[in-house]
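Trainee: So that we are looking at the same thing, I have put the structure below in structure tokens.
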Amino acid sequence: MSLCVSPEADWELNREAGYYAREGGEELGLASSRSSNGRSLLCTHPDLGAHRRNKRRRFPLRKFPFSLIYYIRGDELRVVALAHHRRKPDYWTARK
């Protein structure tokens with residue numbers, strides 16, 4: 001399964017990795033940027049994420065208060081958001 005990350009989700013991933021690098025040291029920043037491990041896990045097992053509305057799925061990241069929001073179309077897994085668990089719920093619903 002191929003992975004596609006929307007520009008908005010890519011920006012959010014980079015922003016949060018930078019934040020954790022500044023606040024928690026380089027090690028924590030690297031761990032945050034390793035959410036790519038979660039993305040590769042999803043490519044292998046795309047049904048891991050819990051169902052949301054509009055055929056979207058939510059996959060929580062370990063050790064961080066974020067979830068990857070994604071959907072599956074054909075053989076493509078598209079990540080549309082890195083959503084914080086307590087901020088702006090469902091702000092990403094209009095993304096494709």
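The values are calculated or read from the model by the stated rules, or taken from the named source; none is laboratory data. Quick caveat, the model's predicted, so the values are computed rather than measured. Cβ atoms come from the backbone with ideal geometry, glycine included; neighbour counts cover every protein chain shown.
Trainee: Which residues, taken from the range 39-62, are surrounded by 12 or more Cβ atoms within 10 Å (Cβ to Cβ), over 17 Å from residue 1 (Cα atoms) and of a type in the set (D, E, K, R)?
Mentor: Selection gives 52, 58.
Trainee: Shifting gears a bit: Any residue at all in the range 20-35 that is at pLDDT below 90, assigned to a loop (DSSP other than H, G, I, E, B) and at negative phi?
Mentor: Yes; the residues of the range 20-35 include at least one that is at pLDDT below 90, assigned to a loop (DSSP other than H, G, I, E, B) and at negative phi.
Trainee: Just to be sure before I move on: is residue 47 of a type in the set (Asp, Glu) and either without any contact (Cβ under 8 Å) to a residue 12 or more places away in the chain or in contact with a helix residue (DSSP H, G or I) (Cβ under 8 Å, 6 or more places away or on another chain) (or both) in the structure I sent?
Mentor: Against the criterion (of a type in the set (Asp, Glu) and either without any contact (Cβ under 8 Å) to a residue 12 or more places away in the chain or in contact with a helix residue (DSSP H, G or I) (Cβ under 8 Å, 6 or more places away or on another chain) (or both)), residue 47 qualifies.
Trainee: Another question about this same structure. Out of curiosity, is residue 16 among the acidic types (Asp, Glu), in contact with a Leu (Cβ under 8 Å, 6 or more places away or on another chain) and at pLDDT below 85?
Mentor: Spelling it out, residue 16 is indeed among the acidic types (Asp, Glu), in contact with a Leu (Cβ under 8 Å, 6 or more places away or on another chain) and at pLDDT below 85.
Trainee: Restricting to the range 63-74, give me the number of residues that are under 14 Å from residue 1 (Cα atoms) and either surrounded by 18 or more Cβ atoms within 10 Å (Cβ to Cβ) or in contact (Cβ under 8 Å) with a residue 12 or more places away in the chain (or both).
Mentor: The qualifying residues number 3.
Trainee: Of all residues being of a type in the set (D, E, K, R) and farther than 18 Å from residue 10 by Cβ in the range 75-87, which is surrounded by the fewest Cβ atoms within 10 Å (Cβ to Cβ)? Just the residue, please.
Mentor: The qualifying residue surrounded by the fewest Cβ atoms within 10 Å (Cβ to Cβ) is 86.
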